[in-house]
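The values are calculated or read from the model by the stated rules, or taken from the named source; none is laboratory data. In this text the structure is predicted, and so the values were computed from the model without any measurement. Here the Cβ is made from the backbone with ideal geometry for all residues, glycine too, and neighbour counts use every protein chain on show. Ligands, DNA and RNA are stripped out before the accessible areas are found, and what is left, the full protein with its side chains, is counted by its heavy atoms. Shrake-Rupley method; radii C 1.70, N 1.55, O 1.52, S 1.80 Å.
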Amino acid sequence: MNRRTKTVVLCCALLLLTAGTVGPAATATSGPPQREAAALTGTAKLHRSAGDDITFTFDAHLAAADKADPMKATGTFEFSHYLNDWGARAKARVDCLITGGKVAVVSGVITDSDLPGAEGKRVGVTVHDLGRHDRLGYSWASTGRPGAGQEPPKCVSSAPFEKVKNGTGDFTVVPWQPEL
């Protein structure tokens, strides 16, 4: 081996040897990092032939320590819907997250919106993580707008009937596996 190759091999070996021992996670009492109990993350635009600009973004998590109680989920989700000069956006604080396989149902209370009457109302969203062909549904599908009509209970939404726009589906669902 030439000197350069030996140096590269030595550096790689040192990195491998120290990878598990450097940083705050490498204390004597810590084990491997715990996987969260459930999660829904990502952003996508919905497919609409009329040209609507509809976007959903999720950052919802259920910690491993809270595995038995999906209502201890944390995070936010946001959505917006615009067409020509009309539109609105909203942000919600997660109050429940349940996932099964590649399907997630998340609910939350709207904390910020430019849609009159929406703040303080609960909404729910369902995501089916199908790779580049994700699907999505929402609790206000039959009421016409978020916050209109009766609020759903925590972790309730509609079937994922909407398709995401090609090239934008990047939702990721971490399946919940409760101990039954």
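Some observations on this one:
- Scanning the range 108-122 for residues being open to solvent by less than 60 Å² (accessible area, probe 1.4 Å), under 19 Å from GLY87 (Cβ atoms) and assigned to a loop (DSSP other than H, G, I, E, B) gives a total of 3.
- Restricted to the range 143-180, and to residues there that are at pLDDT below 90 and among the charged types (D, E, K, R), the residue that is most open to solvent (accessible area, probe 1.4 Å) is GLU179.
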